[in-house]
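Visitor: Encoded as structure tokens, here's the structure I'll be asking about.
The values are calculated or read from the model by the stated rules, or taken from the named source; none is laboratory data. Model, not experiment: these values are computed from the prediction. For neighbour counting, all protein chains shown are included, and Cβ atoms are generated from backbone atoms with ideal geometry for every residue, glycine included. With ligands, DNA and RNA removed, areas are computed over all heavy atoms of the protein, side chains included. Shrake-Rupley method; radii C 1.70, N 1.55, O 1.52, S 1.80 Å.
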Amino acid sequence: MEQETIKKWIGGIIWGQDARFGSAFDQAMIIVILVSIAGMAFATLPGLPAWTYSLLDTLEFVVLILFTFEYLLRLWTARSAWRYACSGWGIID
């Protein structure tokens, strides 16, 4: 695939224009958000084994990488990366 074709395909998924994959992407991101919230909640519990905290730290790092990658893809596929980065959704992301 050409770079523009790949960019358009990924953009369709991320921005929800692709009915099949866009919905799956949104659902996957919601699951990542819920897993992240659950991980943060578990991290506040006292008396957990040390390996649990290590596992939760790793989970937090993986979630950070996923969200960073998603943000970079949004910037790459946006009509104007600067406008997206300065928009409300861009700041929240």
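Visitor: Extension gain TYR53-PHE21, at 0.36 nm per residue separation less the Cα-Cα distance, in nm?
Guide: The TYR53-PHE21 span can extend by a further 8.1 nm.
Visitor: Helix 50-77 versus the longest principal axis of the chain: what angle, 0 to 90°, nearest 10, using Cα atoms?
Guide: Taking the Cα atoms of the chain, the angle to 50-77 is about 10 degrees.
Visitor: Suppose a student asked you for the relative contact order of the chain, using Cα pairs under 8 Å spaced at least 6 residues apart; what percent would you report?
Guide: Relative contact order comes out at 28 percent.
Visitor: Between 0 and 90 degrees, rounded to the nearest ten: what's the tilt of helix 19-43 against the longest Cα principal axis of the chain?
Guide: So the helix axis and the longest Cα principal axis differ by about 20 degrees.
Visitor: May I pose another question? At 1.4 Å probe size, with every protein chain present, just tell me what the per residue accessible area of the chain comes to in Å².
Guide: Value for the chain: 76 Å² per residue.
Visitor: Please go through the chain and write out the GluC sites (Glu not before Pro) that DSSP classes as loop and that have at most 10 other C-beta atoms within 10 Å.
Guide: Filter output for the chain: GLU2.
Visitor: Additional query: Averaged over all directions, how much area does the convex hull of the C-alpha atoms of the stretch 23-66 cover when projected, in nm²?
Guide: Reported value for the Cα convex hull: 2.9 nm².
Visitor: Over all pairs of distinct alpha carbons, what does the Kirkwood formula give as the hydrodynamic radius of the chain, in Å?
Guide: Final number for the Kirkwood radius of the chain is 15.0 Å.
Visitor: What is the helix-to-structure angle for 3-14, meaning the angle in degrees between its Cα long axis and the longest Cα principal axis of the chain, kept from 0 to 90 and rounded to the nearest 10?
Guide: 50
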